[in-house]
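The values are calculated or read from the model by the stated rules, or taken from the named source; none is laboratory data. None of these values were measured; they are calculated from a predicted model. Here the Cβ positions follow ideal geometry from the backbone for every residue, glycine too, while neighbour counts run over all protein chains shown.
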């Protein structure tokens with residue numbers, strides 16, 4: 001009896017090809033995601049990035065009127081460069097001076113202009129599921 | 001007391017090492033008495049782990065802050081129930097819970113199977129013990145929950161957002177699920193080690209897999225509901241790495257639950273099944289690693305810890321072990337039969353499996369992408385919601401449709417006439433539903449419209465199955481309609497339990513797809529002003545302040561009306577918890593008004609409360625979202641039916657496996 005090629009193999013091969021095709025299609029349309037950078041690395045970035053940093057100084061302004069203004073520095077480096085951020089939209093409950101946050105946005109004329117509702121806070125001290133903003 | 005706890009863990013480690021080494025030797029050399037001793041050591045390891053867990057629980061209940069772990073996660077004012085749930089509030093306690101559940105499952109599994117399929121089970125004990133060695137070692141040497149200190153006056157307390165009934169139930173359920181996957185994994189590895197690669201290991205572990213899978217599903221829904229009502233950003237799933245960590249093993253286990261049916265009925269997909277169960281188990285370890293290592297930026301930021309490399313080593317060993325075994329035993333894993341047609345139940349189950357695994361792997365890719373891009377390009381690149389949503393649609397929608405086809409299509413080869421008979425009505429109904437929805441304006445979201453059309457198809461197909469089955473039963477036994485339905489389900493618990501679970505998944509899909517039709521409005525309101533959204537009008541009346549023993553509460557009192565008719569009051573505000581500590585203990589308390597008839601929620605987030613008494617609100621109207629929570633109950637109900645012991649099935653299987661020369665029975 002001649003062994004016929006199993007259709008199961010054909011299906012698997014075809015689906016792997018299909019998945020790869022979808023993948024390539026997706027990455028070519030949507031790009032490969034957002035780079036995640038620290039304030040000290042922000043200099044050369046021109047596109048949209050996710051900025052990870054610790055809030056220093058007292059925040060001013062209103063996130064729902066004109067924008068909340070604060071500065072971020074590298075989490076690991078207390079003496080490092082800071083970058084001014086202007087943010088609008090939902091402010092998570094845990095946002096405060098000294099807290100680690102992630103905001104998405106773009107550097108414009110030396111100020112990091114955050115995408116609306118993009119702020120996510122991290123709680124460094126202990127187990128805590130915190131609030132992702134605006135999703 | 002701390003010494004007792006630490007000693008108990010050392011004893012557990014010793015017993016597990018012994019069970020691994022002696023058990024493997026006994027299995028390889030066929031020493032029955034030694035194998036019995038290894039099995040008993042594993043059962044004893046559960047006993048000593050219970051002692052360790054008891055010591056830690058007692059430490060929490062007695063507020064013994066000389067235990068560093070207790071001091072970090074509890075305080076005196078915490079309620080008794082939350083003191084207990086603080087047990088798994090941190091890393092060390094979570095690991096201990098892992099070990100407790102693992103040794104508990106292991107003891108039960110080897111005990112229940114002590115007289116069945118001996119040649120297979122002798123290998124199960126050392127594999128389970130080997131997994132337990134990993135966790136016991138971590139608890140003894142790296143992350144001990146029994147470190148002591150000079151007792152402070154009070155502990156740091158439990159984060160207020162975790163002081164919630166959901167947070168008491170959510171982690172243990174997830175762990176019951178994660179850890180439960182170790183049992184089918186151990187049986188699969190046992191089957192490979194012993195060379196007994198027939199479907200007995202699958203029959204023996206069907207219920208174990210179902211229990212683990214159900215717990216994982218319920219655990220995730222509990223977490224989602226907690227996020228929805230408590231965290232309050234208007235969603236329930238954020239594609240966060242830690243959430244994905246629970247979803248990935250669930251998807252792999254779902255694929256496994258389906259593909260084992262093909263092996264049971266048709267003797268196919270043997271390699272695939274052991275690969276899937278190994279994947280599910282390794283992903284559950286990976287999930288624990290992600291949660292605990294801090295390697296990926298997550299909103300669930302657990303304290304960064306030193307156990308990351310250990311977990312990585314653990315995953316590496318597990319993957320290498322499983323891969324080696326599978327490659328070694330490949331010759332024994334040949335299929336008995338082959339796929340005859342691309343239009344058959346086997347084939348549809350295969351498509352379902354490929355889609356589930358594809359979804360699982362794309363999620364894994366998204367989770368690992370920051371690490372990979374860092375390694376390759378030097379910059380960390382994160383993928384967000386659009387990536388995951390895209391693949392959920394690409395793979396999830398066909399999966400939804402297959403749910404209406406797979407269980408009804410014929411085995412081996414489906415005929416055109418058979419297809420017509422089975423699917424004509426569901427097809428017509430779904431087309432009709434699609435057209436009606438299109439006419440009502442559901443076309444604003446194409447994926448949403450597709451999801452609803454497919455959902456209608458699946459529900460109609462399942463309903464038809466129930467009607468046909470009941471009618472046949474009624475004709476056969478001349479019972480009443482409800483009696484016939486009842487005995488139909490009772491006699492085919494796996495099948496009809498499965499259908500009910502499918503209904504739950506359809507509800508889930510409808511609820512999730514409903515988010516495509518969310519309405520939202522936001523704005524700053526002074527008392528007396530109102531916002532309108534999707535027919536609702538929300539009037540902000542006044543701001544009130546209340547003082548409770550635990551928190552200072554601020555509440556905006558609202559009046560909700562719809563189409564001019566007053567529906568009633570609603571409150572939303574913020575709590576400032578009276579707990580000393582480094583965290584600002586403020587939490588938003590959203591206001592939710594549910595319409596139980598339509599499953600729609602009005603969801604009010606008090607974004608910002610200003611000093612002048614004005615409040616910045618964001619208000620959602622979320623159609624059908626409550627079907628997600630309803631799905632949870634239906635899911636549990638269906639799973640329990642599928643799990644319920646069935647004497648008839650046991651007898652059938654017993655006969656079958658005596659013929660096959662074994663004496664295994666489903667457990």
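Structure notes:
- Every condition in (1) assigned to a helix (DSSP H, G or I); (2) on the phi > 0 side of the Ramachandran plot holds for residue B:258 except the one numbered (2).
- In segment B:357-385, the residues that are under 27 Å from residue B:458 (Cβ atoms) and outside the structural domain of residue B:345 (by TED's automatic domain parsing): B:385
- Residues of segment B:326-339 that turn out to be surrounded by fewer than 17 Cβ atoms within 10 Å (Cβ to Cβ) and either in contact (Cβ under 8 Å) with a residue 12 or more places away in the chain or at positive phi (or both), as a count: 7
- Residue selection: residue B:423 satisfies the criterion of being part of a helix (DSSP H, G or I) and either assigned by TED's automatic domain parsing to the domain that holds residue B:468 or in contact with a strand residue (DSSP E or B) (Cβ under 7 Å, 6 or more places away or on another chain) (or both).
- Check on residue B:55, at pLDDT 95 or above, closer than 14 Å to residue B:6 by Cβ and either part of a helix (DSSP H, G or I) or not assigned by TED's automatic domain parsing to the domain that holds residue B:132 (or both): yes
- Considering segment A:40-92, the residues that are part of a loop (DSSP other than H, G, I, E, B) and under 24 Å from residue B:574 (Cβ atoms) include one that is farthest from the other protein chains (Cβ to nearest Cβ), namely A:88.
- Filtering segment B:393-409 to residues that are within 13 Å of chain A (Cβ to nearest Cβ), farther than 15 Å from residue B:455 by Cβ and either touching a residue at least 24 places away in the same chain (Cβ under 8 Å) or not in a helix (DSSP H, G or I) (or both) leaves only B:395.
- Residues that are outside any loop (DSSP other than H, G, I, E, B) and more than 8 Å from every other protein chain (Cβ to nearest Cβ), drawn from segment B:330-354: B:330, B:331, B:332, B:333, B:345, B:346, B:348, B:349, B:352, B:353
- When segment B:236-253 is filtered for residues that are touching a residue at least 24 places away in the same chain (Cβ under 8 Å) and outside any helix (DSSP H, G or I), the ones remaining, listed by number, are B:236, B:238, B:239, B:240.
- Residue among B:470, B:548 that alone is out of contact with any strand residue (DSSP E or B) (no Cβ under 6 Å at 6 or more places or on another chain), farther than 30 Å from residue B:446 by Cβ and either modelled with pLDDT of 95 or more or loosely packed, with under 14 Cβ neighbours inside 10 Å (or both): B:548
- Of B:631, B:572, B:556, all but one fail to be crowded, with 19+ Cβ neighbours inside 10 Å and touching a helix residue (DSSP H, G or I) at 6+ places or on another chain (Cβ under 8 Å); the exception is B:631.
- Residue in segment B:502-513 that is in contact with a strand residue (DSSP E or B) (Cβ under 9 Å, 6 or more places away or on another chain), more than 14 Å from chain A (Cβ to nearest Cβ) and over 30 Å from residue B:207 (Cβ atoms) present: no
- Flag for residue B:204 being within 16 Å of residue B:185 (Cβ to Cβ), more than 14 Å from chain A (Cβ to nearest Cβ) and within 13 Å of the chain's Cα centre (by Cα): no
So that you can scan it fast, the table gives a plain yes or no per residue for (1) within 34 Å of the chain's Cα centre (by Cα); (2) modelled with pLDDT of 95 or more; (3) under 24 Å from residue B:608 (Cα atoms):
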| site | (1), (2), (3) |
| --- | --- |
| B:497 | yes, no, no |
| B:501 | yes, yes, no |
| B:509 | yes, yes, no |
| B:520 | yes, no, yes |
| B:538 | no, yes, yes |
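- Qualifying residue in segment B:103-112 (condition: within 14 Å of chain A (Cβ to nearest Cβ) and assigned to a helix (DSSP H, G or I)): no
- Matching residues in segment A:10-25 - criterion: being at pLDDT 70 or above and facing chain B (nearest Cβ under 10 Å): A:10, A:11, A:12, A:14, A:15, A:16, A:18, A:19, A:22, A:23
- Among the criteria (1) in contact with a strand residue (DSSP E or B) (Cβ under 9 Å, 6 or more places away or on another chain); (2) more than 24 Å from residue B:243 (Cβ to Cβ); (3) more than 8 Å from every other protein chain (Cβ to nearest Cβ), the one residue B:374 does not fulfil is (2).
- Candidates B:517, B:496, filtered to the one that is out of contact with any helix residue (DSSP H, G or I) (no Cβ under 6 Å at 6 or more places or on another chain) and surrounded by 17 or more Cβ atoms within 10 Å (Cβ to Cβ): B:517
- Taken as a whole, segment B:367-386 holds at least one residue that is touching a residue at least 40 places away in the same chain (Cβ under 8 Å) and closer than 22 Å to residue B:515 by Cα.
- Unmet requirement for residue B:386, which otherwise passes all of (1) more than 14 Å from chain A (Cβ to nearest Cβ); (2) surrounded by fewer than 17 Cβ atoms within 10 Å (Cβ to Cβ): (1)
- Considering the conditions (1) in contact (Cβ under 8 Å) with a residue 60 or more places away in the chain; (2) buried (at least 20 other Cβ atoms within 10 Å of the Cβ); (3) within 24 Å of the chain's Cα centre (by Cα), residue B:455 is excluded by exactly one of them, (1).
- Exactly one residue out of B:130, B:232, B:134, B:217 is touching a strand residue (DSSP E or B) at 6+ places or on another chain (Cβ under 7 Å) and either over 29 Å from residue B:13 (Cα atoms) or in the same structural domain as residue B:103 (by TED's automatic domain parsing) (or both), and it is B:232.
- For segment A:109-125, the criterion of being more than 9 Å from every other protein chain (Cβ to nearest Cβ), touching a helix residue (DSSP H, G or I) at 6+ places or on another chain (Cβ under 9 Å) and modelled with pLDDT of 80 or more is met by at least one residue.
- Residue check for residue B:438: in a helix (DSSP H, G or I), modelled with pLDDT of 90 or more and outside the structural domain of residue B:286 (by TED's automatic domain parsing): yes
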